[in-house]
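The values are calculated or read from the model by the stated rules, or taken from the named source; none is laboratory data. Only a predicted model underlies this, so the values are computations on that prediction, with no experimental measurement involved. Here the Cβ positions follow ideal geometry from the backbone for every residue, glycine too, while neighbour counts run over all protein chains shown. Quick note on the areas: whole protein, heavy atoms, side chains included, nothing else; ligands and nucleic acids left out. Shrake-Rupley method; radii C 1.70, N 1.55, O 1.52, S 1.80 Å.
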Amino acid sequence: MTAPARPLARLSRRLRIRTRLGLAFGLLLLLLLGLAALSVVRLTGLSEALNRIVDEQATIRDSVNEINRNAEAAARKLLVLMSPDGELRVAAYPEISSSNARLDDAMQRLALVLPPGPRSERLEEVRQRLADYRASYVAVRDLIERDDFQAARALLGGDTESALSLFVGAIHQLAASEERAGTAKARELRDQIDADRTGVLALCIGALVAGALLAVGVTRSIINPLKRAEDGAELIARGEYGHRIAVDSADEVGHMAAAMNTMAAAVGEREAELRRLADVDLLTGLPQRARFIADGDRLLASLPERERLAVLICIDVDRLKAVNGVLGFEAGDALLRGAAAKLQTLFEGVAAYGRLAGGTFAALAPVLRLDHGAALAAQLREEVEHKLSWQGQSLDLSVSLGVAHWPEHAPDTETLLRRAEQAMFEAKRLRQAVAVYNPGAEAARALHLSLLSDLAAAIQQDQLRQFLQPKRCLKTGRITGAEALVRWQHPQRGWLPPGDFIPFAERSGRIRQITDWMLARAVRTLAEWEAQGQEPLTLAVNISTLDIQDQTLPARLAALLSEYRVDPAQLQLEVTETGLMASGADPIAVLNALKAWGVRLAIDDFGTGQSSLAYLQHLPVDELKIDRSFVQDVDRDPRRQALLKSIVGVGQGLGLTVTAEGVENEAELACVRACGCDLVQGYLLARPMDLRDFESWRGSATAEAR
């Protein structure tokens, strides 16, 4: 931009857009009006000049014609004067005088038209020729008046005719000269018209160029700031709230850019505040999970090469739900704030720490040796666990800790945190204060997760198998029933024992699907035996804690028995004593509903739980199955024999059938028989077998019993 243009640009930026546009349109309008006025003036002048030329030429032409006519008329009348008739001559004089008068008038008009200069000189020559002609005419007239016709005729044919010819010739020369002058003027006028046309065209082009430059200048003064504002808006929209649009004008675009800058600053401040609030836990003021992970990564990256060891401790407050439920969330919040204050005091400036969720906290601290991690966890537990007084109520704060080592267990904070959380869950499960991450446990969990996804397919694709383990009556020696057990024939892993999938199936809730499959399979087996005319047996199926909480189980089982027309008394459902105690809802209602349909009920693994005899007498069960832990090596321990005998007595005293599980040798069988057990089950009698093998074994066992 040139130096003179810069002040104009600065002036333009100080003007509002509407003022700028108004000035631009006004200037363009003035240019157009000036050009139109100039064209009108020039056209008017040219038109007047042309009219003058036309008028002059017409006047000259008329005057010349008038002079010619009158000169010829006068000449013709001279011939009349030559007549000897006096009356004719007398009549000719007035006509000659009239012609001369008109000739003089024509000469005067011609004199008025011709400007001074060469053209007037030609007129003087014509006047001189006229004077000569008139002098000769007067001489001829005088001779005629003296009746000297001979002399008059000679003078008329000589000097007078010659003077008239010279006069007429002068007149024609004047006419020709004036015609050339008029032509020259017309040519000059045409040249002037061409010049004016070129000038007007140049002025039009100049006006168009000036208008275009003005339009470009005004447009650029508007478009360029708008483009900068648009680019700035796109940057702000992408989250670059620190970007500011250059404001170099006081017009509407400048005001808009300033408003957008104000908006960007306000949005940036609000987003920074939201980000800060999103990263910080409002209750405790500690960093949340994402912020903790970022702080932990920065801490690990800043450790010196010789101190590249760290431990991540995951802390979870125990019984937080109980505190919230009994004393309210305000008490729970006070408990969490107290734990956060302890954590902040212990690790401020030396470690990364934060609140993950609920009552879970985490701290990442550098150590010189990994065994320092156990000491740090113990110190943390000692510092955090404290008594808290809440509105006169004393609250005991206890925590469970999980520890993971860096870089042994994970290369970054996020993965290390997951490892520490897994260790913390393991500590809770094992009811330990502190647990260190165990990679082997994670592998087992990964296997369980893999099996869990395969289990759904196993149920749908009939990969489960029913195995039967017989039960014998000690009094008669007959086979009275069998326990139905589930086995899984995995297409890749082969046969899987129940211990590999039943526990996590119970935790995941898929145990209900397994139970439904087992019940349907057992009922079909009973229906097949009845159709084959075999002696009725009782089939026992294990049900889980979730099953005895399912209010729809009795109706579903009744529909299944009705469909296959099986006697409900041939089906026995076994629930563990531990499952009864762990049931959140009262299981007696479901058990009573099952009992009402005629199904037999048994308590499995009796003696391993914590049920009381008062609770046992309210259960609608038919059989007690004594856990193997009471049967194993019972022949070697008299106290165990006494305990076994007491359990048998209690069960039979309640009117229940008592079954001893896990009998594996003759010595144990003898003690079980001596203690008065009704039924026996175990490897000594037979291992679990599939249906075909069980039916073959049953035939052989029945034949031996006979």
- Query: Taking only DSSP H segments of four or more residues, each worth -39500 (n - 2.57), what value at 222 nm results for the chain once the sum is divided by all its residues, to the nearest 500 deg cm²/dmol?
  - Reply: -21500 deg cm²/dmol
- Task: Using a 1.4 angstrom probe, figure out how much accessible area the range 502-590 has per residue, in square angstrom, rounded to the nearest whole.
- Result: 43
- Query: How much length, in nm to one decimal, is gained on full extension between ARG673 and ARG308, taken as 0.36 nm per residue of separation minus their Cα-Cα distance?
  - Reply: 124.8 nm
- Where both residues lie in the chain, what percent of DSSP beta bridges are antiparallel, nearest 5? 60
- Task: Return the subset of LYS475/LYS625; LYS321/LYS625; LYS321/LYS595 for which the Cα-Cα distance in this structure is over 25 Å, preserving the input order.
- Result: LYS321/LYS625; LYS321/LYS595
- Sorted by average packing, counted as other Cβ atoms within 10 angstrom per residue and highest first, what order do 339-349, 289-299, 492-502 take? 289-299, 339-349, 492-502
- Task: Counting only DSSP beta bridges with both residues in the range 277-434, tell me the antiparallel percent, nearest 5.
- Result: 95
- Take the solvent-accessible surface of the protein heavy atoms, probe 1.4 Å, and return the percent of it on the chain that carbon and sulfur atoms account for. 56
- Going by the alpha-carbon gyration tensor, a ≥ b ≥ c the square roots of its eigenvalues, is the range 641-694 rounded (a/c under 1.5) or, if a/c is not under 1.5, prolate (a/b greater than b/c) versus oblate? oblate
- Task: Match the structure shown to one of the listed values (1) 73.8; (2) 40.3; (3) 47.9 of mean projected area of the Cα convex hull in nm², computed from it, and give that label.
- Result: (1)
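Please say if the range 615-706 is rounded, prolate or oblate, where rounded means a/c under 1.5 for a ≥ b ≥ c the square roots of the C-alpha gyration tensor eigenvalues, and otherwise the choice is prolate for a/b larger than b/c and oblate otherwise?
Working: a/c = 2.24, a/b = 1.42, b/c = 1.58.
Here the range 615-706 falls in the oblate category.
Contact order normalised by length for the chain, with contacts defined as Cα pairs under 8 Å and 6 or more residues apart; what percent is it? Don't skip to the answer; put the middle values down first.
Values: 895 pairs, mean separation 51.7, N = 706.
Taking the mean separation of contacting Cα pairs over the length of the chain, I get 7 percent.
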- Mean Kyte hydropathy of 0.0 or more with a Cα span along the axis of at least 30 Å, helices from DSSP in the chain: 17-81, 161-237, 439-460
- Query: What does the charge add up to near LEU312, with Lys and Arg as +1, Asp and Glu as -1, over the other residues with Cβ less than 13 Å from its Cβ?
  - Reply: -3
- Task: Could you rank the peptides 631-643, 405-417 by their average count of other C-beta atoms within 10 Å per residue, with the highest value first?
- Result: 405-417, 631-643
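Accessible area per residue of the range 652-706 at 1.4 Å probe, in Å²?
Numbers: 2760 Å² over 55 residues.
Averaged over the residues of the range 652-706, the accessible area is 50 Å².
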- Long-range amide H partners of ALA540 with built H, under 5 Å: ALA482, GLU483, ALA484, GLN572
- Classify the range 463-517 as rounded, prolate or oblate from the Cα gyration tensor: take a ≥ b ≥ c as the square roots of its eigenvalues, call it rounded if a/c is under 1.5, otherwise prolate when a/b beats b/c and oblate if not. prolate
